[in-house]
Structure formats: structure tokens, C-alpha cells
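Asks: Handing you a structure now.
The values are calculated or read from the model by the stated rules, or taken from the named source; none is laboratory data. Here the structure is a predicted model, which means the values were calculated and not measured. A quick note on method: Cβ atoms are made from the backbone with ideal geometry, for glycine too, and the neighbour counts reach across all protein chains shown.
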Amino acid sequence: MDSADKLKDGYHSFRDGYFKDSRDLFRKLAQKGQSPKTLLISCSDSRVDPTIILNTEPGDVFSVRNVGNLVPPHENDNHYHGVSSAVEYAVKVLEVENIMIMGHAHCGAIQAAIDTENDPESLGTEFVHNWVSLAQQAFSDPCCCKESIKSGNRIPVEIEQASIVNSMNNLMTFDFVKKRVEEKKLKIYGLHFDLETGDLTAFDRKTGEFGPL
């Protein structure tokens, strides 16, 4: 089956099944608007669908997906800021109660960050290598990266987790995020999903490690 035809068939199945069964929910969302409690920032990777992993319904989460589930620090300029604008909208307009950053095992973006550490041009990309350099901020952080620092080798799962924590820290560079966190109106979580085992772990600020939910 052609890949586009597969998506077309998928839509028809959705329309005749899920949408039909959930018509009242969609009607309510259309008429009353959205009021999600959580902003979920996850990876664009086709193998990791947060709505399936977290078993959410339409309207539950305000979702952002990008290469490597990265959050850049606040920058005061006139450039285009997709992730930053989503964070701002979620916090200021939707007034979400949670921000969750969900990374995953075998992340190509993190591997790209590792591969381009010493040669940014090695990927031959125009945009990707610069974007994933955000993850390189975590290379020297002892949080989650003890073995990588000790051995001198970049252990992907450690970098994946450390990058999640780095993005959590970058969120706090936004004044409106920091303010709501300090007011205890907003919580920030870091999650890591293992593709092979199905395990979802969460960052524990007390231990500085990821552990079971």
C-alpha cells in the first residue's frame, strides 16, 4: 500500500470510528475551546507518539514536537521562535499547570549532537546541526552524565536524560515561567521513554537521576 493511501485509510477509520464515537467531545471542544492543563514538549521521532504513550484524549495536552524535544533558552530578539511562542501561549494564555518534557531512547537528534560535537559540519545539514547543539550544553553537566564524564565517551542514554534536564533549566530562563513556578502555579517535569522496554522514567530533583514514576 502506498504510504499516502495508508494515511488516507487511517483518516477514514478515524472518522468512522473514533470521531463518531467521540462526537460529543469534539463538539464541546469546538464550541467551548481548549483548556489543557499540561504543555507537553516531545520529540518529532515517528516511533514515539506521546498521545499513545500517555493515553491522552483530545483537549488534554497542548503539544509541541520538535527534533530532540529541545527547549532553547530565552532570547530577546526579533527572530522566529516556535518553541518559545508555544511555551508563552501555554503559560500566559492557557495557564497550564504542568510542563512536561519527554525524551526517549535511541534519539537521533541526541546522536547527531554527539556526532557533531567536534565537527558541526559533518552532518551536511543547514539547520539540524545548529539546533541540536542545544543538547551539547548538557555534555559537561554531572547531572545524569557521570559515566560519560568519567569515561570521556558520550553515552547516548545519559545525554538524552541530561538534555531533558537542560531543557527544564532553560524553561526557567523565561520570566513568566519562573514567576509561575515560584508562585507554585506551575510544575516542570522531565520524562524519558525507553522504546524497547516501554518504561517511562521521571527526573527526581532530589536524587538528580531518572527513576520509575
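Asks: So, in region 23-35, how many residues would count as being loosely packed, with under 10 Cβ neighbours inside 10 Å and outside any helix (DSSP H, G or I)?
Replies: Final tally of qualifying residues: 1.
Asks: List every residue pair whose Cβ atoms lie under 7 Å apart, where the two residues are 6 or more positions apart in sequence or sit on different chains, the first residue falls within region 1-22 and is in a helix (DSSP H, G or I), and the second residue, located anywhere, is at pLDDT 95 or above.
Replies: PHE19/PHE26
Asks: Filtering region 177-213 down to residues that are touching a residue at least 40 places away in the same chain (Cβ under 8 Å) and part of a loop (DSSP other than H, G, I, E, B), which residue is surrounded by the fewest Cβ atoms within 10 Å (Cβ to Cβ)?
Replies: Selected residue: GLU196.
Asks: Looking at (1) closer than 30 Å to LYS184 by Cβ; (2) assigned to a helix (DSSP H, G or I); (3) not small (Gly, Ala, Ser), which one does CYS144 not meet, given that it meets all the others?
Replies: (2)
Asks: For region 151-176, give me each residue that is outside any helix (DSSP H, G or I), surrounded by fewer than 16 Cβ atoms within 10 Å (Cβ to Cβ) and touching a helix residue (DSSP H, G or I) at 6+ places or on another chain (Cβ under 7 Å).
Replies: MET172
Asks: Among the residues of region 84-137, write down those that are in contact (Cβ under 8 Å) with a residue 12 or more places away in the chain, over 29 Å from ILE52 (Cα atoms) and surrounded by fewer than 17 Cβ atoms within 10 Å (Cβ to Cβ).
Replies: GLU117, PRO120
Asks: Then there's this: Residue by residue through region 121-139, note down the ones that are at pLDDT 90 or above, in a loop (DSSP other than H, G, I, E, B) and not small (Gly, Ala, Ser).
Replies: THR125, GLU126, PHE127
Asks: A further question on this structure: Is there a residue in region 87-97 that is modelled with pLDDT of 95 or more, touching a Cys at 6+ places or on another chain (Cβ under 7 Å) and at negative phi?
Replies: no
Asks: Here's something else I'd like to know. Among the numbered criteria (1) modelled with pLDDT of 90 or more; (2) farther than 18 Å from GLU209 by Cα, which one does ASN153 miss?
Replies: (1)
Asks: Do any helices (runs of 4 or more DSSP H) entirely within region 36-120 hold 1 or more residues that are farther than 18 Å from PRO156 by Cα and not hydrophobic (A, V, I, L, M, F, W, C), and if so, which?
Replies: So the answer is 50-53, 82-88.
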